[in-house]
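Here is the structure we will look at, set down as structure tokens.
Just so it is clear, none of the values below were taken in a lab; they were calculated from the coordinates. What you are looking at is a predicted structure, and each value in this text was computed from that prediction instead of being measured. Ideal geometry is used to build each Cβ from the backbone, glycine not excepted, and the neighbour counts take in all protein chains shown.
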Amino acid sequence: MSKSFFVDTTVCTACRGCQVACKQWKNLPAENTVNRGTIENPADFSFNTYKLVRMREEVIDGKLRWLFFPDQCRHCVEPPCLDTAGDKSSIYKDEATGAVIYTSKTKGLNAKEIIESCPYNIPRKGKNGALAKCDMCLDRVQNGLLPACVKTCPTGAMNFGEREEMLSLANKRLGEVKMISSAAMLLDADDVRVIYLVAYKPELYHKFAVASVFDFGITRQMALAKMFRPVKNIASGLM
């Protein structure tokens, strides 16, 4: 049975423990940053930053609210990036967990096309041409451990387990939060393995909190890639 995260943003304090734990476990270098007047730092994902706690200050119903969003790859149930790549040696889905995994062979792919196919604006390209993002800490999960971000979370905002268990937990918590905020919702829960609970409109948290609508060019490009992939594979086999 596949795995899923449940991220309860209503109890996130933006401690950024998850962000640091990701860096430590993956042995990723720190970013060169500057004080931008916010605890959100660095400003965005990169080839070396897979987890980023986004922060927004919003006035809602006459009150100042701090909205925190621990952003990461959603590990889509049907990953557009995988379909766009069309090469399972470069991007594949781990059958046991559902994790979407990028390999070093992504440097041979059309990075721009793959990045644009992601409705959450997640993958980032490195100097060597390869792509990188969260891999669900697959090495930890395969050894019975929690992902590093979940293990380090002090408030229970980050949760991880069997998909049905996480969906049940998410829906139970949604019912509780709706008693406080009628705008509360789960984001794209049927389509992703990283299920977010937000108390207010998702666009207040991040412009890619929910799946963006593909423009027609990208949608057509993906459809054509799927259509001609079998022919391409046959041709490759004959060479």
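Database note for the chain: Cys without another Cys beta carbon under 4.7 angstrom, 12, 15, 22, 76, 81, 118, 137, 153.
Remark: the Cα gyration tensor places region 1-140 in the prolate category, a/c being 1.5 or greater and a/b exceeding b/c. For the chain, the fraction of alpha-carbon pairs lying more than 30 Å apart is 26 percent, rounded to a whole number.
Cross-link partners for residue 172 among the lysines, with Cα-Cα distance under 22 Å and sequence neighbours closer than 8 places in the same chain left out: 3, 151, 201. Taking each DSSP H run with n ≥ 4 as -39500 (n - 2.57) and averaging over every residue of the chain yields -9000 deg cm²/dmol at 222 nm. Selection among 196, 146, 177 by position relative to the dipole of the chain gives 146 as farthest towards the positive end (Cβ unit charges, Cα centre). Between helix 163-178 and the chain there is an angle of about 30 degrees, using the helix long axis and the longest principal axis of the Cα atoms.
The alpha carbon gyration tensor of region 110-201 gives principal lengths a ≥ b ≥ c with a/c of 1.5 or higher and a/b no greater than b/c, which makes the shape oblate. So how tilted is helix 216-238 from the main axis of the chain? Cα-based, degrees 0 to 90, rounded to 10. Its long axis makes an angle of about 40 degrees. Would you compute the Debye intensity of region 1-43 from its alpha-carbon atoms alone, equal scatterers and no solvent, and pass along log10 I(q)/I(0) at q = 0.14, 0.16 Å⁻¹ to two decimals? Rounded to two decimals, the profile gives -0.48, -0.61. Just to confirm the number: angle between the C-alpha axis of helix 17-26 and the first principal axis of the chain, 0 to 90 degrees, nearest 10? In the chain, helix 17-26 runs at an angle near 30 degrees to the longest axis.
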